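Structure first, then comments.
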């Protein structure tokens with residue numbers, strides 16, 4: 001706590017790791033921009049791992065719950081160890097508020113609060129919807145049970161899309177006055193600055209249009225549908241190349257897919273990139289091909305950079321960011337033919353691309369990081385009141 005600031009609220013933020021996902025980026029945005037005259041933040045991680053660790057502000061205290069050579073697994077009794085360790089930590093620290101990200105972390109946090117019996121307020125943040133999941137039946141069953149029976153113990157539940165808030169009310173009967181919708185932020189000035197860095201791959205110096213997609217390489221992201229769409233475009237003679245940034249368990253399967261389709265010369269995997277914006281800014285079109293989302297940061301970042309975008313109208317988020325035909329195109333999830341048609345339409349219409357570029361930049365202003373962080377600050381102040 002800062003000297004002379006007796007009213008500063010002590011806030012602990014907790015998340016499993018700092019991997020390269022959207023939730024972790026939002027987590028870091030809040031930490032970096034939180035008003036230090038009002039809030040004193042610290043961080044708890046299950047494990048000190050993740051590509052985004054270097055972005056953690058150096059002045060912030062970090063507590064790691066995993067000990068020594070333990071292997072962190074979601075199932076089994078590990079949640080008991082995590083909850084007990086976190087309980088001891090919060091009894092020692094006595095925070096005013098705990099802000100938890102992601103459903104499993106929310107579970108651990110709420111148990112720790114019950115065990116510790118301290119008066120700290122708890123805000124849980126739910127990051128994606130409930131229509132479909134590729135996380136596995138056990139994980140999804142556990143998630144739904146935790147939401148139904150533990151989330152009512154939270155003081156506030158932050159969701160990152162209005163549709164998700166409605167799902168919590170309709171499916172899980174969560175009290176409406178506990179739910180706050182706060183969209184994900186985008187740091188427009190930072191990503192525009194980072195986008196100016198040079199790119200050293202020859203594809204970006206050639207005139208052939210580049211379609212780009214970014215995300216963890218999982219089934220959720222629908223990259224298989226995007227690769228099939230590129231195959232459809234290739235077969236009909238529409239010239240383009242696909243660049244995918246990210247890494248994950250589907251890497252091998254997707255490489256086998258585009259090889260089997262005979263388009264290895266049209267698809268490029270560049271893995272996780274600390275600065276994806278230099279590639280994104282040089283793309284012709286951005287495509288989000290997901291089956292489901294929470295609120296896709298990368299779509300926000302694409303329109304902020306003025307990249308004309310195509311997105312699946314999946315649950316939840318894309319249709320709360322762009323309006324079909326005004327600042328982007330929306331297509332059904334899991335339909336590679338519709339995806340190919342939308343990409344072709346945009347590639348062939350220069351005026352539409354210009355319109356989407358300008359309208360997208362205007363729309364992105366609604367998600368400016370400082371405005372979104374102020375909403376988180378108000379949510380913290382509200383539970384303290």
Regarding the stretch 295-310, can at least one residue be identified that is closer than 28 Å to residue 123 by Cβ, in a loop (DSSP other than H, G, I, E, B), touching a helix residue (DSSP H, G or I) at 6+ places or on another chain (Cβ under 6 Å) and modelled with pLDDT under 95?
no
What are the residues in the stretch 192-223 that are surrounded by fewer than 22 Cβ atoms within 10 Å (Cβ to Cβ) and assigned to a helix (DSSP H, G or I), if any?
192, 193, 194, 202, 203, 204, 205, 219, 220
If the requirement is being touching a residue at least 24 places away in the same chain (Cβ under 8 Å) and within 19 Å of residue 302 (Cα to Cα), which of these qualifies: 230, 199?
199
Only one residue in 227, 157, 182 is under 15 Å from the mean Cα position of the chain (by Cα) and at pLDDT 95 or above, so which one is that?
182
Within 21 Å of residue 191 (Cα to Cα) and buried (at least 19 other Cβ atoms within 10 Å of the Cβ), is that true of residue 356?
yes
Of (1) surrounded by fewer than 21 Cβ atoms within 10 Å (Cβ to Cβ); (2) in contact with a helix residue (DSSP H, G or I) (Cβ under 8 Å, 6 or more places away or on another chain), residue 341 fails just (2)
Among the residues of the stretch 233-274, how many are more than 22 Å from residue 22 (Cα to Cα) and in a loop (DSSP other than H, G, I, E, B)?
11
Top-ranked residue of the stretch 124-150 - restricted to ones that are part of a loop (DSSP other than H, G, I, E, B) and modelled with pLDDT of 80 or more, ranked as farthest from residue 79 (Cα to Cα)
127
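Yes/no matrix, rows are residues, columns are (1) surrounded by fewer than 20 Cβ atoms within 10 Å (Cβ to Cβ); (2) farther than 18 Å from residue 292 by Cβ:
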{"position": "169", "(1), (2)": "yes, yes"}
{"position": "176", "(1), (2)": "yes, yes"}
{"position": "187", "(1), (2)": "no, yes"}
{"position": "225", "(1), (2)": "no, no"}
{"position": "244", "(1), (2)": "no, yes"}
{"position": "248", "(1), (2)": "yes, no"}
Filtering the stretch 320-353 down to residues that are without any contact (Cβ under 8 Å) to a residue 12 or more places away in the chain and in a helix (DSSP H, G or I) yields 338, 341, 350, 351
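The values are calculated or read from the model by the stated rules, or taken from the named source; none is laboratory data. Keep in mind the model is a prediction, meaning the values are calculated, not measured. When we count neighbours, we look across all protein chains shown, and the Cβ atoms used for this are built from the backbone with ideal geometry, even at glycine.
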